[in-house]
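The values are calculated or read from the model by the stated rules, or taken from the named source; none is laboratory data. Treat the numbers as computed from the prediction; the structure is a model and nothing was measured. Here the Cβ positions follow ideal geometry from the backbone for every residue, glycine too, while neighbour counts run over all protein chains shown. Calculation scope for accessible area: heavy atoms of the full protein, side chains included, ligands and nucleic acids excluded. Shrake-Rupley method; radii C 1.70, N 1.55, O 1.52, S 1.80 Å.
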Amino acid sequence: MHLPVLVQEAIQALAIRADGTYVDGTFGRGGHSRAILERLGPNGRLIALDRDPQAEEAASGISDPRFSFVRARFSDLSGILKEKKVEGLLFDLGVSSPQLDEAARGFSFRLDGPLDMRMDPTSGVSAAQWLAHAEEKEITEVIRGYGEERSAKQIAAAIVASRVREPIVGTRQLAGIVGQAVRTREPGQDPATRTFQAVRIHVNRELEEVSLMLPQALERLAAAGRLAIIAFHSLEDRIVKRFLQQAARPEMPRRLPLRASEMPQPSLKIIGRAVKASSEETRINPRARSAILRVAERTAAPYIPNIRIEPDARWRN
């Protein structure tokens, strides 16, 4: 059974209005969406997005006139909402538990399966296809940047050497190659964990998706509306944190005398501190232990479209 993370905290953060319009930008299996629907009145509306065809299948089980589902990336938000403003947006970033737990999706090495890793298996290049053709330098950069793996160079070299002998097409096969290349092992963690995370992020362009989504979410959010984002690792959380901070503290013009009333006003107001899962939730659902929820509220100030965001964490300092 899929257990959505930080459900009560996220719903509370959205401060749901009964007649408001809300977006669940990462439907998954619908845990957050169902919780939002419980708070909406008869005139409320919920729009859910997800690029995974299995999420679309799960969404078909919700028979509610207030609910609609669009199979799309959350970076397509502006095109879906067009000029419509909404009272709240929720994004639960990263991979979902059902994706990890199904061997055929190829996200995890716990069960042997085809090396796919695509959130939308009908689109784009699979992990196996990318590893078959990528240059060693690119593989190194991806594993080091997205996986924060110290042995990235050795792992990339092992992958390139192995694919000469035979195609790398299975999850256990890749995990075995990585395991032989990594000399030092972290206690309690499989040596392939960071590599699988890095390849998955690259194949799905996950950090780019977050960077593209954030300004669109801010633009489509009505005044006093809430933006709630749950991240699961430091790379995506840093992008979210920096964006929210920049929108809450607009850059002031240099060497230009301004009255207080002429100073740029922030587009967002950060609500509270980052929220983590309780010890009780992590006991029931260990995958919640790395979850971080950040919340911000839209102000009445005009949207500032030139907020700088980090498009690709591989090139960080």
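Quick notes
Residue-wise test of (1) without any contact (Cβ under 8 Å) to a residue 12 or more places away in the chain; (2) in contact with a Phe, Trp or Tyr (Cβ under 8 Å, 6 or more places away or on another chain); (3) more than 19 Å from R172 (Cα to Cα); (4) open to solvent by 50 Å² or more (accessible area, probe 1.4 Å).
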{"site": "S78", "(1), (2), (3), (4)": "no, no, yes, no"}
{"site": "L81", "(1), (2), (3), (4)": "no, no, yes, no"}
{"site": "K84", "(1), (2), (3), (4)": "no, no, yes, yes"}
{"site": "D92", "(1), (2), (3), (4)": "no, no, yes, no"}
{"site": "A103", "(1), (2), (3), (4)": "no, no, no, no"}
{"site": "D112", "(1), (2), (3), (4)": "no, no, no, yes"}
{"site": "M117", "(1), (2), (3), (4)": "no, yes, no, no"}
{"site": "D120", "(1), (2), (3), (4)": "no, no, yes, no"}
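- For region 40-60, taking the residues that are free of Cβ contacts under 8 Å to residues at least 24 places away in the same chain and part of a loop (DSSP other than H, G, I, E, B), the one that is most open to solvent (accessible area, probe 1.4 Å) is identified as S60.
- Pairs are defined by a Cβ separation below 9 Å, a sequence spacing of at least 6 or placement on different chains, a first member in region 230-248 that is in contact (Cβ under 8 Å) with a residue 40 or more places away in the chain and among the basic types (K, R), and a second member that is surrounded by fewer than 23 Cβ atoms within 10 Å (Cβ to Cβ) and assigned to a helix (DSSP H, G or I); the pairs so defined are R238/A313.
- Positions within region 61-76 being in a strand (DSSP E or B) and open to solvent by 40 Å² or more (accessible area, probe 1.4 Å), in sequence order: F69, V70, R71
- Residues of region 1-39 classified as part of a loop (DSSP other than H, G, I, E, B) and not β-branched (V, I, T), total: 15
For every residue, the table says whether it meets (1) under 23 Å from E219 (Cβ atoms); (2) surrounded by 10 or more Cβ atoms within 10 Å (Cβ to Cβ); (3) at pLDDT below 90.
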site	(1), (2), (3)
Q245	yes, yes, no
A260	no, no, yes
T282	no, yes, no
R287	no, yes, yes
L293	yes, yes, no
E297	yes, yes, no
A300	yes, no, no
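- Qualifying residue in region 2-25 (condition: surrounded by fewer than 17 Cβ atoms within 10 Å (Cβ to Cβ), within 18 Å of the chain's Cα centre (by Cα) and over 22 Å from V210 (Cβ atoms)): yes
- Note on region 186-218: residues that are over 19 Å from the mean Cα position of the chain (by Cα), touching a residue at least 12 places away in the same chain (Cβ under 8 Å) and open to solvent by 30 Å² or more (accessible area, probe 1.4 Å) amount to 1.
- For region 219-232, filtered to residues that are of a type in the set (A, V, I, L, M, F, W, C) and surrounded by fewer than 21 Cβ atoms within 10 Å (Cβ to Cβ), the residue that is modelled with the lowest pLDDT is F232.
- Qualifying residues in region 164-191 (those that are of a type in the set (A, V, I, L, M, F, W, C) and in a loop (DSSP other than H, G, I, E, B)) - the one farthest from G106 (Cα to Cα): V182
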